[in-house]
Amino acid sequence: MFTDGENYIEPASQIIRKEYRGYGLADKLVDYVFPIAEELKPNCLLVHAVTFHKITQSLCEARGMIPTGFRLGTFLTKSIINSYELRDCEKYSEGILVKAVNKKDAGIIYLPSEVSSFGRKIYDRLGVSYEIRNCVRAEDYYISNKSQLVTKCDDMQKNVLVTIRKIGTDLTDKIKELINSFENNEPWTMQVTLSTSTPDIFYAYAELKKLGLFFSGLKPLCSEIEQMYMQWTGNVKLNMDQYVLTSSFDEIRKDIESFYLSRTRGVNNDKDKGQID
């Protein structure tokens, strides 16, 4: 069950006009904002950094933020007006960075087997306590009939954000209905947020993979519960190798790209649904 226990601060990334670059303004802004944000003692700081330049990525990493994944296909390239080279990407994405502040224990995290190594790497880098489980007891594994979804659509950028508050057996039908409403209207993309603090994630992960969704990263420490992302990109070609990234973000990009490239290769039901003890 997804709760409303969100407790994070998101400093906004910035693009400075070309004539004002070279003066260290971005550094000054970050140095001013981050201490104020951390003094408020949120669970963590979270930043969405654009992927057509790496200034924000570098500034945030220098202050202890960790790349944890991507929000893919956020911006229509044709609507972006700036001086950065945009190359062949139909849509550009955002890189997600997190810094632990007040939440130091992520608790028990349920992750499908194929994303467990990614999860361990991220939580180790965040420097918090955690326990990842790939299987569950039979008595803990119950799926209700009705799902609860919150959907937010950005008609300008053709992007849908879906938060799954409760996982039910009708989840496949609900997501399929959403996909059907957008897939013929290119270039829509959709990001789905799920809780990894419940073993229901195994069921949801397997079902969403059947619809062509794929793992795209973690949203750690931002809430009472832990969370992960899955992504639907339809017919949009991401061309992630053209993103402009720091070395640590490029490592994450390669991880996520492997899930993107294997998104239609079927589902291993035993691994993806979580082996029941």
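The values are calculated or read from the model by the stated rules, or taken from the named source; none is laboratory data. In this text, all values refer to a predicted model and were calculated from it rather than measured experimentally. No Cβ is skipped: glycine too gets one built from the backbone with ideal geometry, and neighbour counts run over all protein chains shown.
Against the list (1) surrounded by fewer than 20 Cβ atoms within 10 Å (Cβ to Cβ); (2) modelled with pLDDT of 95 or more, the condition N82 fails is (2).
Listed conditions (1) assigned to a helix (DSSP H, G or I); (2) touching a residue at least 40 places away in the same chain (Cβ under 8 Å) are all met by P35, apart from (2).
What helices (runs of 4 or more DSSP H), lying completely within region 162-277, carry at least 3 residues that are at pLDDT below 95 and touching a Gly at 6+ places or on another chain (Cβ under 9 Å)? Explain how you work it out, then say what you get.
On the way: elements: 171-182, 200-210, 247-261, 269-272.
Those helices (runs of 4 or more DSSP H) span 200-210.
In contact with a Pro (Cβ under 8 Å, 6 or more places away or on another chain) and either free of Cβ contacts under 8 Å to residues at least 60 places away in the same chain or assigned to a helix (DSSP H, G or I) (or both) - does that describe any residue in region 72-84? No - not one qualifying residue is present in region 72-84. The residue list N180, N185 contains one member that is touching a residue at least 12 places away in the same chain (Cβ under 8 Å) and either under 17 Å from L72 (Cβ atoms) or surrounded by fewer than 17 Cβ atoms within 10 Å (Cβ to Cβ) (or both), which is N185.
Note on region 215-241: residues that are over 11 Å from the mean Cα position of the chain (by Cα) and within 28 Å of N185 (Cβ to Cβ) total 10. When each of L76, L149, L72 is tested for being in contact with a helix residue (DSSP H, G or I) (Cβ under 9 Å, 6 or more places away or on another chain) and within 29 Å of V244 (Cα to Cα), the lone residue that passes is L72.
Kindly indicate whether H48 is surrounded by 14 or more Cβ atoms within 10 Å (Cβ to Cβ) and in a strand (DSSP E or B).
Values: surrounded by 14 or more Cβ atoms within 10 Å (Cβ to Cβ): yes; in a strand (DSSP E or B): yes.
Spelling it out, H48 is indeed surrounded by 14 or more Cβ atoms within 10 Å (Cβ to Cβ) and in a strand (DSSP E or B).
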